[in-house]
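One structure is given here, and the rest of the page talks about it.
The values are calculated or read from the model by the stated rules, or taken from the named source; none is laboratory data. Predicted, not measured: the structure shown is a model, and the values here were computed from it. Every residue, glycine among them, receives a Cβ derived from its backbone with ideal geometry; neighbour counts consider all protein chains shown. To get the accessible areas, we keep the full protein, side chains included, count just its heavy atoms, and leave off ligands, DNA and RNA. Shrake-Rupley method; radii C 1.70, N 1.55, O 1.52, S 1.80 Å.
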Amino acid sequence: MVRAEWVVVGDPADSRVLDDGAVAIVDGRIAAAGPAGEVLEAHPGLPTTRLERHVLVPGLVNTHTHLAMNMLRGSAGDRDLAGFLAVVMPLEARSLTPDRVERATRAAAVELVRSGVTTSIDMYFDVESGLRGASSVGLRLLTGPTLIEGGPTTATWDEVVAAAGEWLDRRPASGTWRPVIGPHGTYTVTPDQLAEVAAVIDGRDCILQIHLSETEAENQTVLERYGSRPLGVLEAAGLLTRDTVLAHGVHLSADEIRRVAEVGAAVAHCPASNLKLASGVAPVRDLLAAGATVSLGTDGQASNDDLDLLAEMRLAALLHKGTSSGAAGPDATALPAPVALRMATLSGAEALGLEALTGSIEVGKVADLTAVDLSSPWIEPVRDPIGSLVYSASRADVAAVWVEGRAVVSEGRCVSVDERDVVRSLRSLGEEIHSS
Ligand SMILES: [Zn+2]
């Protein structure tokens with residue numbers, strides 16, 4: 001049982017905050033959530049963690065990242081996407097090993113859970129190594145093969161596609177976990193190759209993740225090559241569905257926004273990465289107005305340069321106020337705090353097709369929970385716990401995190417692995433990469 005001064009129950013956008021609330025956890029699931037007195041009476045025998053001046057929210061969901069890129073953090077600052085890829089891709093090509101991916105992903109998983117994240121999707125190479133790294137920490141990592149011609153392996157495209165199909169056979173969806181297949185983008189994977197990907201995932205329970213319309217240059221390149229913009233190329237290949245997660249979606253037209261919403265695909269909004277690479281500002285308010293699912297992502301640590309989803313939430317809430325314009329003029333009510341929290345939680349679960357299982361504090365869902373301490377000098381006094389969380393708190397205030405009821409962060413520290421070992425290993429990874 002977790003008892004907190006404030007508990008955000010149900011859809012976070014509805015702003016239902018219980019004062020002195022509690023969540024009863026039985027077999028990893030939420031057995032009850034409500035006023036503490038009622039929950040204690042219904043589940044009298046449960047050991048209780050009591051958290052004064054803390055807000056308990058659903059575990060955060062990161063819907064776009066490349067976790068093992070933490071080994072490249074700091075390697076390619078102050079560059080646009082093309083300049084960034086020109087530095088990063090050769091480094092990856094010569095230095096990736098399964099051992100390094102596992103160590104790097106373990107460190108990234110620690111960074112994520114310390115930031116309140118309980119579920120993350122990933123797009124990277126050496127999938128099994130990444131899964132081992134994440135599972136040692138207790139993070140739920142949805143991942144799978146990344147498909148790109150000329151990636152950091154010597155395998156041919158045909159070999160990569162065949163291996164992806166075999167991997168999907170071995171790793172079917174199960175419970176709160178779904179496999180992911182990640183063709184890199186429509187500018188790095190051809191329409192014929194995308195059609196092959198569609199054939200591989202046909203009939204399977206699987207998420208399709210792809211970078212899409214991250215820059216205007218990408219739109220132009222794809223249009224010139226194929227006579228159609230990235231979203232059209234993706235849809236023509238049969239890959240625009242309810243199971244599609246579009247990373248970035250910065251440069252979508254009004255028609256494309258409508259189409260994304262109609263199909264039920266999700267856009268993983270990555271504001272920090274988009275700003276750092278000067279890619280632009282995604283049309284998030286238009287996507288939301290069209291009824292599209294918009295979740296949040298950090299992107300990789302080499303283009304962000306961290307995995308702080310609380311910071312993305314705050315940035316999203318500020319950015320779309322600051323860029324609001326149009327007939328009604330600037331709008332300080334654009335993307336209010338409860339909507340930002342929803343994007344980081346329930347919308348993330350929707351993007352990954354897991355909304356029946358996680359993303360909100362509701363009876364029957366798994367106990368993915370994050371407790372944030374709101375008692376610091378940079379937060380008090382608390383008048384509106386969700387507003388304090390979004391506009392004042394930082395990840396240093398994340399006090400406790402549970403994944404399916406299992407504590408992975410307690411008293412602000414990751415308890416599943418030795419953080420000092422993880423940081424030592426991450427530091428030496430940076431040295432290995434740049435000396436290899
Ligand atoms: Zn990315």
For a distance above 36 Å, tell me the whole-number percent of Cα pairs in the chain that qualify. 22 percent
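Full extension from T97 to E262: what is 0.36 nm times the residue separation minus their Cα-Cα distance, to one decimal in nm?
Contour length minus Cα-Cα distance gives 55.3 nm.
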Accessible area of K321, 1.4 Å probe, to the nearest 10 Å²? 40 Å²
How do 149-162, 57-70 rank on mean C-beta neighbours within 10 Å, highest first? 57-70, 149-162
Centre separation in Å (Cα based) which lies between the stretch 403-435 and the stretch 71-92: 23 Å
Using Cα pairs closer than 8 Å and at least 6 residues apart in sequence, work out the relative contact order for the chain, in percent. 22 percent
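For the stretch 211-350, give the magnitude of the charge dipole about the Cα centre (Cβ charges: +1 Lys/Arg, -1 Asp/Glu; no others), in debye to the nearest 20.
In debye, rounded to 20, the stretch 211-350 gives about 280.
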Ranking request for peptides 389-402, 289-302: highest mean number of other beta-carbon atoms within 10 Å first, then the rest in descending order. 289-302, 389-402
Quote to one decimal, in nm, the extra length available between T48 and S436 on full extension: 0.36 nm per residue of separation minus the C-alpha distance between them. 134.7 nm
Rounded to one decimal in nm, the spacing of the 7 Å Cα→Cβ label points at Q220 and V363 is 5.8 nm
I need the Kirkwood Rh of the stretch 289-436: take the reciprocal of the average 1/r across all distinct C-alpha pairs and report it in angstrom. 17.6 Å
So how far apart, in nm, are the two label points at D306 and T153 if each is 7 Å from Cα heading toward Cβ? 3.3 nm
Using the basic label-point model (7 angstrom from Cα toward the beta carbon), what is the D14 to A254 distance in nanometres? 3.4 nm
For every helix of n ≥ 4 consecutive DSSP H residues, a contribution of -39,500 (n - 2.57) applies; sum these over the chain, divide by its total residues, and give [θ] at 222 nm rounded to the nearest 500 deg cm²/dmol. -11500 deg cm²/dmol
Dimensions in Å of the stretch 208-311 - Rg and Dmax from alpha carbons: 13.1, 39
Go from 0 up to the bin containing the longest alpha carbon distance in the stretch 86-167, width 10 Å each, and give me the % of pairs per bin. 18, 45, 31, 6
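Sorted by average packing, counted as other Cβ atoms within 10 angstrom per residue and highest first, what order do 246-259, 18-31, 88-101 take?
Packing proxy ranking, top to bottom: 246-259, 18-31, 88-101.
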Quick one: check the C-alpha center-to-center distance for the stretch 143-178 versus the stretch 270-332, whole angstrom. 30 Å
